[in-house]
1. Check whether at least one residue in segment 114-122 is under 18 Å from Val187 (Cα atoms), touching a Phe, Trp or Tyr at 6+ places or on another chain (Cβ under 8 Å) and β-branched (Val, Ile, Thr), and report yes or no.
2. Quick check on my filter: what residues within segment 208-217 are crowded, with 20+ Cβ neighbours inside 10 Å and touching a His at 6+ places or on another chain (Cβ under 9 Å)?
3. Could you look through segment 319-359, keep only residues that are assigned to a loop (DSSP other than H, G, I, E, B) and closer than 17 Å to Cys297 by Cβ, and pick out the one that is least open to solvent (accessible area, probe 1.4 Å)?
4. Among the numbered conditions (1) closer than 28 Å to Leu150 by Cβ; (2) outside any loop (DSSP other than H, G, I, E, B), tell me where Phe236 comes up short.
5. Search segment 181-207 for residues that are of a type in the set (Asp, Glu) and pair each with any residue that is open to solvent by 20 Å² or more (accessible area, probe 1.4 Å) when their beta-carbon atoms are under 6 Å apart and the residues are at least 6 apart or on different chains.
6. Just to confirm my filter: which strands (runs of 3 or more DSSP E) fall fully inside segment 109-207 and include at least 3 residues that are surrounded by fewer than 19 Cβ atoms within 10 Å (Cβ to Cβ)?
7. Please enumerate the residues belonging to segment 28-45 that are open to solvent by less than 40 Å² (accessible area, probe 1.4 Å) and either on the phi > 0 side of the Ramachandran plot or among the acidic types (Asp, Glu) (or both).
Amino acid sequence: MHSIGETARASGLTTSALRFYDSAGVLVPAAVDPHTGYRWYAASQLRAARLLAGLRRVGLPLAEITETVRALPDVTVARRLLDVHLRRLQDGLADARRELSRIHALLDAEENRTIMTTTTTHVTVDAAALADALDAVRFAVGTDPEIPALAGVHVEVSADTVRFAATDRYRMAVAELVPTAVDGPAVTVLVPGGFVTGVRSQVDRNPTAELAFGPDGVDASAPGWRITTDPLDHDFPDYRPLLPVRGAEGRRQVTVDATELRRALEPGRAPAVVREHLGVTHPVAVLAATDDGTVECVDEAAWHAAPDRCVAVNREFLLQAVAAAGGGQLVLDLDGPIRPLAVRLPDDDRSCSLLMPIRH
């Protein structure tokens, strides 16, 4: 027999913890002195106490600790409960990471507001590069009045990059350009879609354009024109986790000719597949990677027969993404039926369109 002090030292539990687990009926001592109330534990209970201490350290709930200890010496119950608890911890960690990312984004926004109210960042860009970047994203700007944060284009300016992003929840577009010059601190701002459309209508008139972000709002200008706006006071969603990573394991990438893909998607040529969403019928493009490294549009029967090798998206959205990419050779990331379809230029990680998949 072992005293409560010896059991505490051998197990890593405190004497107060042992008393608690006794009162809770988890680990009841083998004997209790009727005169002094002193607890004594059997040798076999030392092993149970060590297990209990470990279960406590990993945060297993009391009810499951009790179930595990009472089931000894059958260890299958403990293994099952530990597997369930591990999945619970992993899900909790994923939730914590998402929440921390959201908090960091809020802190970034607060810091950005301070910058915008005290300093002005001036950016000089090539007009043709700006036009291409705006064309690459503006088709994805949201129009749902219930979600005003998606009604604009998210602009991020750093010392060597200007990135634009837009999404309406069903597709997302991101484009980057290298500025000619940046004078001022890094800044992030959400500009209205109408401002982007206005800038795009003017930017071809000059070889370069100037962008300014500061206390007076957002300003785009060149000789002969100037457009200003107030930024939208909404938090744009964190889109970066969705961006494709080149070389990631399990990626299936297919190079296609933009003209041939558009031809394959023409009504009457592409298989007729439709789905209804919010009372509206939409044509669907079902893409399947072939064994020879190409991609084909397949019909409903082929989609049903092999859903895991197909990616289905809104056909009109796909045509818009192909047009926004500018033609020529394109790379499609076909990562299975539940991951977004990525459309981008070869050897260009700066710009891409992501289309949300449609489930079979």
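The values are calculated or read from the model by the stated rules, or taken from the named source; none is laboratory data. Note that the structure is a prediction, hence the values are computed from the model and not measured. Virtual Cβ from ideal backbone geometry, glycine too; neighbours counted across all protein chains shown. Side chains included, ligands, DNA and RNA excluded: accessible areas come from the protein's heavy atoms. Shrake-Rupley method; radii C 1.70, N 1.55, O 1.52, S 1.80 Å.
1. Yes: one or more hits.
2. Leu211, Phe213
3. Residues of segment 319-359 assigned to a loop (DSSP other than H, G, I, E, B): 326-328, 334-340, 345-351, 356-359.
Filter once more, keeping what is closer than 17 Å to Cys297 by Cβ: 334, 337, 357-358.
Values: Leu334: 10, Pro337: 36, Pro357: 34, Ile358: 48 Å².
Restricting to residues being assigned to a loop (DSSP other than H, G, I, E, B) and closer than 17 Å to Cys297 by Cβ, the top hit is Leu334.
4. Tallying (1) closer than 28 Å to Leu150 by Cβ; (2) outside any loop (DSSP other than H, G, I, E, B), Phe236 fails exactly one: (2).
5. Matching pairs, first to second residue: Asp183/His122.
6. Because the criterion is at least 3 residues that are surrounded by fewer than 19 Cβ atoms within 10 Å (Cβ to Cβ), the strands (runs of 3 or more DSSP E) in segment 109-207 that meet it are 121-126.
7. If the condition is that a residue be open to solvent by less than 40 Å² (accessible area, probe 1.4 Å) and either on the phi > 0 side of the Ramachandran plot or among the acidic types (Asp, Glu) (or both), then Gly37 is the only one that fits.
Okay, residues lined up against (1) assigned to a loop (DSSP other than H, G, I, E, B); (2) crowded, with 18+ Cβ neighbours inside 10 Å:
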residue	(1), (2)
Ala8	no, yes
Leu13	yes, yes
Asp22	no, no
Arg47	no, no
Ala63	no, no
Thr68	no, yes
